[in-house]
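The values are calculated or read from the model by the stated rules, or taken from the named source; none is laboratory data. It should be emphasised that the depicted structure is a prediction, and the values quoted were computed from it without experimental measurement. FYI the Cβ positions are ideal-geometry reconstructions off the backbone, even for glycines, and counts take in every protein chain you see. Just so you know, the surface numbers come from the protein's heavy atoms only, side chains and all, with ligands and any DNA or RNA stripped out. Shrake-Rupley method; radii C 1.70, N 1.55, O 1.52, S 1.80 Å.
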2 protein chains.
Amino acid sequence: MTYRAPVRDMMFVLKNVAELDTLQSIDAFAHADEELVEGLLRECGRFCSEVIAPTNVDGDQQGSVIRGEGEGVTAPDSFHSAYSQYVDAGWGAIQFPEEFGGGNFPLAVATAVKEMITAANMAFSLCPMLTTGAVVDLLAHGNDYLQQTFLPKMVTGEWTGTMNLSEPQAGSDVGALTTKAEPAEDGTYRVSGTKIWITWGDHDLTENICHLVLARLPDAPVGTKGISLFLVPKYLVNDDGSIGERNAVEVVSTEHKLGIHASPTCVMEYDKAIGYMVGEPNQGMRQMFTMMNDARLGVGAQGLSIADRAYQQAVQYSLERRQGKAPGDEELENGQSLIVKHPDVRRMLLTMKSQIEAIRALTYRNAAALDMAHHHADEGVRNRERMMADLLTPLTKAWGTDLGVELTSIAIQIYGGMGYVEETGVAQHFRDARIAPIYEGTNGIQAMDLLGRKLGMDGGAFVKAVLAEIREQAATLDDPAFGSFRQHLEGAVDAVETAMTWLMTNRTDFNASFGGATPFLRMFATMMAGSLLAKGAVAAKSAIDGGDDDQFLVDKLSTARFFAGNILSTVPGLVDSVTFGADDLFAIDDTRLQSV
Amino acid sequence: MTYRAPVRDMMFVLKNVAELDTLQSIDAFAHADEELVEGLLRECGRFCSEVIAPTNVDGDQQGSVIRGEGEGVTAPDSFHSAYSQYVDAGWGAIQFPEEFGGGNFPLAVATAVKEMITAANMAFSLCPMLTTGAVVDLLAHGNDYLQQTFLPKMVTGEWTGTMNLSEPQAGSDVGALTTKAEPAEDGTYRVSGTKIWITWGDHDLTENICHLVLARLPDAPVGTKGISLFLVPKYLVNDDGSIGERNAVEVVSTEHKLGIHASPTCVMEYDKAIGYMVGEPNQGMRQMFTMMNDARLGVGAQGLSIADRAYQQAVQYSLERRQGKAPGDEELENGQSLIVKHPDVRRMLLTMKSQIEAIRALTYRNAAALDMAHHHADEGVRNRERMMADLLTPLTKAWGTDLGVELTSIAIQIYGGMGYVEETGVAQHFRDARIAPIYEGTNGIQAMDLLGRKLGMDGGAFVKAVLAEIREQAATLDDPAFGSFRQHLEGAVDAVETAMTWLMTNRTDFNASFGGATPFLRMFATMMAGSLLAKGAVAAKSAIDGGDDDQFLVDKLSTARFFAGNILSTVPGLVDSVTFGADDLFAIDDTRLQSV
C-alpha cells in the first residue's frame, strides 16, 4: 500500500487557513504563487509515492545497523538510492535562501513538503529534518566561514546535520550537560563527551555529517547559562571544500527501539574532536531556542503525517474487507457488507479524518505565523505573528503527536486482527508514532511551556485577544451548514476561559497549576484547531454559495461538523481535570504510590 | 524489574466491592474464607514474581517459533520450566470443581489469580486462559466420555486447550465460517478446514493439545444457526487414557505480531481430523456464548494486568530518575528532583493508578456477578446477578482493554526516551496490550452488544434500576472525604441517562444509534467503575472512622477523589458524541473518504 499525498486538502488549507495570499504579498515569497506551489506539491507527492514510500516497510524490517564499535552505521539498502534522489530533486532546499541554493519558499509550503516526506517514511524523514534544523541554526548564528563551508552542502542534503543535546543525566534537563569544549590555539575547540539520543548520528548515506553539539567552555557558569554551541564535522573540510581528515567523533552504539527502526539513534563519543563555535560563548541555549519553534512544529507535523498514512490504509482496507451485515446495506457479497458500511467503523474513520484535517490546519497556520513573524513588512504583523507562532507551537507539537498515537491506534482497530500482525504495515505506524510525544520536548514540557510562557505573553493580552476573536468567529457560524459548530466553539472558549482563570488565579501554586497543564493544553489545542477548521468551513461554504460545485467542499463541511459534534464538544468535560488542584496530586507519599 | 502482586488492593476489592462475604455464604464456596483466599493470593503473587515474571522479556525476545511446516511450534526456553511449575502448583485448577481436580474457588478469586499471571507474563497467560475457556465449555456441554477423558488433564493444564473460531472470511462475522465436519460411522466426525488466529494452537509445553473447533455439519443451515462444536485433540487418547495416534491437525504458519511474541498465533489446518461433537448439532454458537462472558471478562482483566505491570515500572522509574527542579522540592541531588516530584508526572501516575483500581473494581465485581449467577441459593439473586454480569461484561472487556493501551502509553511517556527503547521493557507492555481491544469480540462489538442486547434486558428495567441505585449511592457521598465524587457521579448518571434516552428514541435508526455506541460504552463504563470505586471509598472511610489507621485506606480515598475529579468528570463531555446521529456519519461517499 503506497502513500497518496493529499494535495487537494493541503492547498485548501494553505489558501484558506494559512493565508497563502498574505504570504505571497511578502516580497521574499512573491514568486510562490498558487500555481507554482500546487505544482511543487504535486511533484513532491509523486516523488514521495514513487521513491520514498516504498522504502518504509523495508527500512523498518532491515533497520539502520551499527557494524561494530568504531565502524559506523549502515542505513537500509533501499535508502541509498532514495536519499540521493531526494538530494538531486532538491526537496531539502525549498525553505532556504537562494544564496545557499535554496528555493526560498515559505515555511508553510515547506511544511506541506515535510508532511509528505514524513508520511512516506518517518524514519527516513528524520535525516532531512535534523539537517534542516542544523541549517536553520547555522543561518542564524554561524559565522561567514561556517556558512560558506557547510551551508551549500547541507542545504541540499549532500551533507547531513545532527543535534547533540542529551546526555545520560541531561534529557529534558538540558542544563545538566557536562560535555566539554576546550579552546585550541588556532581558534577552534576540542570537544569531549558522550551524547545520547543522536538521531542519524552516523550513517553511510552521505560523505559527511555535521554535528551541532552543546558543550561547556572551561569555567562556564553552571546550568543553562553556561552552554555553548559547536559544529563538529565527522570529516574536516579542506580549504578547497573537499573532504579532509576524519575527526575524533564516533558512534559507540545504537538503540533498539519500538519504532523508527531505520533511523539510527546513536550514542556518540567526542574525544577531543575539532569543533567550531557557533555564535557567541554561553549562548547555546538561546541558539537552540532559535530553531525550537521550527523543530517542534516539524515534530507536530509528524503526528499529522503518520496519522494520515495510517488513515489512508484504514480507508483502503474498509473498502475491501467484508464482515457482517451493516444496517440497511443492500450491496452484500456472500451476505457480508464492506466494513466501511458499519456505523462504528465509519465513526472510527471520521474520528481520524476530522482530526487529521484539524491538525493540518493548526500546523500550516503555525508555519505561516513563523513566516510572517520573520518576513512580513509590517512590524505590528510581525510581532503579532511571532506571538501567534509562540502560542501555536506547543499546541501543534503536543496535540499533533498525542493524536498521532491515538489515531494510528484507531487504524489498527479498523484492521482488527490484521492490524496486529506486522505484515499489513499498520502496526509500524503505531510504533513509529509513539516517539513523537517524547522527543523535541516531551508533551508535558509543551504543556508547561503553554502555561508558564505563552499564556502570559504581552501581559496576557495576546491570548485574551485570541479568545475574543474566536468568540466573534463562533457567533458567525449560525448557518445549518456548520452544524453544531457555533455551540461547541462557544462552549470550548467558555471552558478554556474558565480553566485559564483558575490557572491564573493559582499560578503561584505551581503544583496546582502545572498539575493541570496537560489537560489544559488538550482543551486549548482542540479549541484552536476547531477555530481554524471553522475558518476552512466558512471558506468552503462561500465557495459553494458562489457556485463552486466541487464535492470536496461539501465533504469538507461534513467533516467539520463531525469534528464539532464529536471532538470539540468534549472540551468542556476537561475543565475539572485542569482545576483539580495539588492536594490529591501530592497526598500520597512518593514511596506509597507503588501498587500494594 | 519484577512484578509485585497488589494483594492488599485485591483483597480490599474482593471484600468491599466484589462481596467476598456473600460469595462465602454460598455453599459451594464455604471453604473460601478470607484468610484462605488471602493466603492463596499471596502465594500466587510470590509464584508470579519468582517464576513467571522473569520469563516475560525473554519470551518477547525469543518468541514462540514455528520450526517448519508440519513440524510444530517451539515455545521460548524459559517457558518450559515455568509452565510445568504452573501445572504442579495447580494454579490453573482453582476455579474448577473438585470432581475434576479443581479447587472450587469463586471466579472472583480466580480472576485475581489470572490478573497476577497475566501481569507477570501476558503471552504466557494466554495458554492457561484458552485452556480455561475450553474447560468451561466441556464442563457445560461435554458428554461423559469427553469430560472423563479430557477434563482431568485439562483442569490442571497438563493438556492445554484452544478455541478455533476464525477463518479468513470469518472474523467478527463468525457465521461465515466454512470448516466442515462429516459424520463417521463410529459416531465421531472428520473435521476439515483452515482456522486462523489460533492462540497457542501448537507448542511443545505439553504432550497434548485439545482443540475446540467450530464447524458445519453437511447440510447445516447457513449462518450462525448451522455451526456445531467439536473437540479435536492433537493426539488421540487411548482407552486407558494414554496418548494415542497423531490426529490430522497441523500448524501451517504463525503470525509475526506487534506484541505477545511468545504466544504463538497459528494458522491451523484440519484434514479429516477425528473430532468429537460437543453438545448438540447446530448449537455451536450458543455453546460459545456459554464461555463468552468468562472469556471477555478474562480479556478485560488483561488490560488491568498489563496496566498495573507498566504502572509498577513507571513508579519505580519515577523514584529513581532525576530531571529538573520540581516546585518546592528541597531534596535535590545535583540540582535535580526525582521526577515523581513533578506535578505533571504525578498526574500521569495517578491517571494510571486511579484507573487501574477502577478497572479492578469493575472486573472483580463482574466476576462475582458470574459466581452469584451460577451458584447463589436465591433465584432472584441469581437472575439479578446474571443480568449484572451480562451488563458488566462488555464494559469490562472494552473499557479495560482500551485503558490497557492508554495507560501503558502513559508509562512510556513517564520513562521519556528510555520508554521508547526496548531494553527497559515498558514498550513491550504497550505492544502486548494492543491486542486486547481486538480479540474476543472487538471493542466496537462490545459497544454494540451493550446497546443492542444489554440496555433492553428485562424491558429496560434492569439498567434503569442500576442507574437509580447509583443515583441513590451518589447522594450519600456528601462527606468531604469523597471530594467531588457526589457531584461527578450524579453528573455521570445524568449524562448516561440523557445519552440513553436518545439512543432508545433512535434505536430503530441503527446507523445513528450504533454510531454512538462506542462513546456510550465509555460513558457507561466510567460511571459504573466510578460507582464501584465509590463503594470501596465508603468502606475505606468507615474503616478509618472505626479506628483503622492503615495508611492504605487514606490513600485509597485520595485515589478515588482523583478518579472523580479527573476521569469521572469527563463523562458528560461525551454526550454529544453519542447523540451525533447518522447524517454526517454517512454524508461522505465511501470512496470519497480517502485523503485527496
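Here are the numbers:
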| read-out | value |
| --- | --- |
| Contacts under 8 angstrom Cβ, first residue in segment A:338-360 being farther than 16 Å from A:Ala5 by Cα and in a helix (DSSP H, G or I), partner basic (Lys, Arg) and open to solvent by less than 10 Å² (accessible area, probe 1.4 Å), 6 or more apart | A:Val340/A:Arg346 |
| Within segment A:310-337, tally of residues that are within 10 Å of another protein chain (Cβ to nearest Cβ), assigned to a helix (DSSP H, G or I) and closer than 23 Å to B:Ala447 by Cβ | 4 |
| Count - residues of segment A:420-429 that are within 7 Å of another protein chain (Cβ to nearest Cβ) and buried (at least 23 other Cβ atoms within 10 Å of the Cβ) | 2 |
| Search result, residues across segment B:103-120 that are open to solvent by 10 Å² or more (accessible area, probe 1.4 Å) and small (Gly, Ala, Ser) | B:Gly103 |
| Entirely in segment A:418-529, the helices (runs of 4 or more DSSP H) that have 3 or more residues that are hydroxyl-bearing (Ser, Thr, Tyr) | A:485-505 |
| Selected residue (only one of B:Lys225, B:Lys234, B:Lys195 is touching a residue at least 24 places away in the same chain (Cβ under 8 Å), of a type in the set (Lys, Arg) and surrounded by fewer than 17 Cβ atoms within 10 Å (Cβ to Cβ)) | B:Lys225 |
| Among (1) in contact with a Cys (Cβ under 8 Å, 6 or more places away or on another chain); (2) within 14 Å of chain B (Cβ to nearest Cβ); (3) small (Gly, Ala, Ser), the one test that A:Ala134 misses | (2) |
| Test: residue in segment B:533-547 that is within 12 Å of chain A (Cβ to nearest Cβ), in contact (Cβ under 8 Å) with a residue 12 or more places away in the chain and not aromatic (Phe, Trp, Tyr) | no |
| The lone exception for A:Asp88 - which of (1) acidic (Asp, Glu); (2) under 17 Å from A:Met372 (Cα atoms); (3) free of Cβ contacts under 8 Å to residues at least 12 places away in the same chain it fails | (2) |
| Out of A:Gly416, A:Gly441, A:Gly452, sole residue that is surrounded by 20 or more Cβ atoms within 10 Å (Cβ to Cβ) and more than 10 Å from chain B (Cβ to nearest Cβ) | A:Gly441 |
| In segment B:498-525, the residues that are in contact with a helix residue (DSSP H, G or I) (Cβ under 6 Å, 6 or more places away or on another chain), hydrophobic (A, V, I, L, M, F, W, C) and free of Cβ contacts under 8 Å to residues at least 60 places away in the same chain | B:Met523 |
| Verdict on A:Asp550 being without any contact (Cβ under 8 Å) to a residue 40 or more places away in the chain and either within 14 Å of another protein chain (Cβ to nearest Cβ) or surrounded by 24 or more Cβ atoms within 10 Å (Cβ to Cβ) (or both) | yes |
| Filtered residues of segment A:380-406 (kept if under 18 Å from A:Val17 (Cα atoms) and open to solvent by 20 Å² or more (accessible area, probe 1.4 Å)) | A:Val381, A:Arg382, A:Arg384, A:Arg386, A:Met387, A:Asp390 |
| Those residues of segment A:324-340 which are within 33 Å of the chain's Cα centre (by Cα) and either under 14 Å from B:Met448 (Cβ atoms) or open to solvent by 20 Å² or more (accessible area, probe 1.4 Å) (or both), in sequence order | A:Ile339 |
| Which listed residue, of B:Ala307, B:Ala373, is over 22 Å from B:Pro437 (Cα atoms) and in a helix (DSSP H, G or I) | B:Ala373 |
| Top-ranked residue of segment B:531-566 - restricted to ones that are among the charged types (D, E, K, R) and in a helix (DSSP H, G or I), ranked as farthest from B:Gly483 (Cα to Cα) | B:Asp545 |
| Number of the condition not met by A:Asp60 [criteria: (1) at pLDDT below 95; (2) crowded, with 21+ Cβ neighbours inside 10 Å] | (1) |
| Where B:Gly581 falls short, out of the listed (1) under 30 Å from A:Val13 (Cα atoms); (2) at the interface with chain A (Cβ under 7 Å from one of its Cβ atoms) | (2) |
| Criterion: in contact with a Lys or Arg (Cβ under 8 Å, 6 or more places away or on another chain) and away from every other protein chain (no Cβ under 14 Å) - qualifying residue of A:Leu362, A:Leu392, A:Leu304 | A:Leu392 |
| Subset of segment B:362-418 [within 15 Å of B:Gln428 (Cα to Cα) and among the polar types (S, T, N, Q)] | B:Thr408, B:Ser409, B:Gln413 |
| Any chance B:Cys44 is modelled with pLDDT of 95 or more, in a helix (DSSP H, G or I) and farther than 24 Å from B:His375 by Cβ | no |
| Residue satisfying condition, being within 14 Å of chain A (Cβ to nearest Cβ) and surrounded by fewer than 24 Cβ atoms within 10 Å (Cβ to Cβ), within set B:Ala170, B:Ala123, B:Ala184 | B:Ala170 |
| Lone unmet requirement of (1) open to solvent by 10 Å² or more (accessible area, probe 1.4 Å); (2) facing another protein chain (nearest Cβ under 8 Å); (3) within 17 Å of B:Arg8 (Cβ to Cβ) for B:Ser558 | (1) |
| Condition check for A:Val299: within 30 Å of A:Tyr235 (Cα to Cα) and either more than 8 Å from chain B (Cβ to nearest Cβ) or open to solvent by 10 Å² or more (accessible area, probe 1.4 Å) (or both) | yes |
| A:Leu151 being closer than 16 Å to A:Met268 by Cβ, crowded, with 23+ Cβ neighbours inside 10 Å and free of Cβ contacts under 8 Å to residues at least 60 places away in the same chain | no |
| Conditions (1) closer than 30 Å to B:Ala373 by Cα; (2) without any contact (Cβ under 8 Å) to a residue 60 or more places away in the chain; number of the one not met by B:Ala28 | (2) |
| Considering residues of segment B:382-410 that are hydrophobic (A, V, I, L, M, F, W, C) and over 22 Å from B:Ala112 (Cβ atoms) only, the residue farthest from the chain's Cα centre (by Cα) | B:Ile410 |
| Residues located in segment A:21-52, provided they are closer than 17 Å to A:Glu115 by Cα, surrounded by 14 or more Cβ atoms within 10 Å (Cβ to Cβ) and not acidic (Asp, Glu) | A:Val37, A:Leu40, A:Leu41, A:Arg42, A:Cys44, A:Gly45, A:Arg46, A:Phe47, A:Cys48, A:Ser49, A:Val51, A:Ile52 |
| Output for segment B:75-89, where each listed residue is assigned to a loop (DSSP other than H, G, I, E, B) and either open to solvent by 20 Å² or more (accessible area, probe 1.4 Å) or in contact with a Gly (Cβ under 7 Å, 6 or more places away or on another chain) (or both) | B:Pro76 |
